[in-house]
Amino acid sequence: MRFAPPGTGTPITKGYSPKSLMHLQAEQVSFHYDDDGEPVLKDVSFELRGGECVALAGPSGSGKSTLAQLLNGLLSPTRGRLLAEGRPYPKDAAGLRDLRRRVGLVFQFPEAQIFEATVHDEVAFAARRQGVSEAEVPGRVEAALAAVGLDPEAFRPRNPLKLSGGEDRLITLASLLVVDPDWLILDEPTLGLDGAHTARVREMIRARQARGRGVVLITHDLELTLELCPRILALRRGELAWDGSPRELLVRPDLESAFGLAAPLTVVLWQRLAGAFPEAPPDDPTRLEAWVEAQDRDRRKKIPGVLQQFAAGGRLIR
């Protein structure tokens, strides 16, 4: 099992607590919703180190959302145990409330987490619940909204139930950032977002890593996984089928048959370019543009137009 070091970046938010490296651990965790039913998760074990960005992948029904709720303390294992900083997860209400502050979860459908009349009150609710002083709340709300790329002045008075799907996803994320959790579990965080807001979410994830805050990224966007996460956990029929490098997993020829995953377009193009130029193939699927830029004119002419445009980030190289 390999662990990634904390990432780099410049913090977006200010005034929060110092760097924290909260470790989480699953030991032989199994779970089923019905005592007589098939387990959703089977003997899953791993460790998450503070500051990591870890992708959680797998086909539908593999147990990703269930595992996310277990990590957040919304569910308890049927068998096995979860630990935070080496101690078993609490079972009392106060302990679970503190755990959920430190391990925040944004569901795939964020409207289920929104209930206040204004964006300000929605984001401020979590801060007030955690005992943040009223004098500090406005600054926390402003910083959290700015961290997800929303203009605080424009959004604070708006009704969060009347926002677009992408905007309410960002509001839910800001509601967690306002208390600066040690871990964020994000279920499809860029779904419905435009390019600018997607870039802001990427920036936020990198900045959190730099401050020792971890992210578990549940996404079908394996391009995003390649870009942000040095480590991926892949579930298959409730079992942990892979724990390691996304790059090593996504180039496997049995990716679909063994893991139920489809290679992202970047990897497909990388494989095709490597086959077309065996004497000097691109060595990294995340750096195709740089590889194309480094080729001489004669070699570029051999690259099919579609591949050429994609590898150069949409710019036609002449």
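Before moving on, here are some points about what is shown:
- Every condition in (1) surrounded by fewer than 21 Cβ atoms within 10 Å (Cβ to Cβ); (2) within 25 Å of Leu70 (Cβ to Cβ); (3) in contact with an Asp or Glu (Cβ under 8 Å, 6 or more places away or on another chain) is met by Arg202 except one, and the failing one is (2).
- Members of the stretch 182-196 found to be more than 13 Å from the chain's Cα centre (by Cα) and surrounded by fewer than 18 Cβ atoms within 10 Å (Cβ to Cβ), listed by number: Gly192, Asp194, Gly195, Ala196
- Within the stretch 101-115, the set of residues being more than 19 Å from Ile205 (Cβ to Cβ) and either aliphatic (A, V, I, L, M) or at pLDDT 90 or above (or both) comprises Ala112, Ile114.
- Residue match in the stretch 84-97 (condition: closer than 29 Å to Glu227 by Cα and of a type in the set (Asp, Glu)): yes
- Residue list for the stretch 20-74, restricted to those being of a type in the set (S, T, N, Q) and either modelled with pLDDT under 95 or in contact with a Leu (Cβ under 9 Å, 6 or more places away or on another chain) (or both): Ser20, Gln25, Ser30, Ser45, Ser60, Ser62, Ser65, Thr66, Gln69, Asn72
- Considering only residues in the stretch 220-230 that are touching a Cys at 6+ places or on another chain (Cβ under 9 Å) and surrounded by fewer than 23 Cβ atoms within 10 Å (Cβ to Cβ), the one that is farthest from Pro181 (Cα to Cα) turns out to be Pro230.
- Sole residue being assigned to a helix (DSSP H, G or I) and farther than 22 Å from Arg208 by Cα, chosen from Asp168, Asp121: Asp121
- Considering (1) closer than 22 Å to Asp194 by Cβ; (2) surrounded by fewer than 18 Cβ atoms within 10 Å (Cβ to Cβ), the lone condition that Pro138 does not fulfil carries the number (1).
- Condition check for Leu74: of a type in the set (A, V, I, L, M) and surrounded by fewer than 20 Cβ atoms within 10 Å (Cβ to Cβ): yes
- So Val132, is it surrounded by fewer than 23 Cβ atoms within 10 Å (Cβ to Cβ), in contact with a Lys or Arg (Cβ under 7 Å, 6 or more places away or on another chain), assigned to a loop (DSSP other than H, G, I, E, B) and touching a residue at least 60 places away in the same chain (Cβ under 8 Å): no
- Breaking point among (1) out of contact with any helix residue (DSSP H, G or I) (no Cβ under 8 Å at 6 or more places or on another chain); (2) surrounded by 12 or more Cβ atoms within 10 Å (Cβ to Cβ); (3) modelled with pLDDT of 80 or more, for Val267: (1)
- Across the stretch 91-103, a minimum of one residue is classified as in a loop (DSSP other than H, G, I, E, B), surrounded by fewer than 18 Cβ atoms within 10 Å (Cβ to Cβ) and in contact (Cβ under 8 Å) with a residue 12 or more places away in the chain.
- Counted residues, the stretch 242-256 - those being over 24 Å from Lys42 (Cβ atoms) and either at pLDDT 90 or above or in contact with a strand residue (DSSP E or B) (Cβ under 8 Å, 6 or more places away or on another chain) (or both): 0
- The stretch 140-156, residues that are in contact with a helix residue (DSSP H, G or I) (Cβ under 7 Å, 6 or more places away or on another chain) and over 21 Å from Asp221 (Cα atoms): Arg140, Val141, Glu142, Ala144, Leu145, Ala146, Ala147, Leu150, Pro152, Phe155, Arg156
- Test for Glu85: is it in the same structural domain as Trp242 (by TED's automatic domain parsing), among the charged types (D, E, K, R) and crowded, with 16+ Cβ neighbours inside 10 Å: no
- Residues being among the charged types (D, E, K, R) and either crowded, with 18+ Cβ neighbours inside 10 Å or at pLDDT below 90 (or both) - total across the stretch 117-127: 1
The values are calculated or read from the model by the stated rules, or taken from the named source; none is laboratory data. These numbers were taken from a predicted model, which means no experiment stands behind them. So basically every Cβ, Gly included, is an ideal-geometry build from the backbone, and we count neighbours across all protein chains shown.
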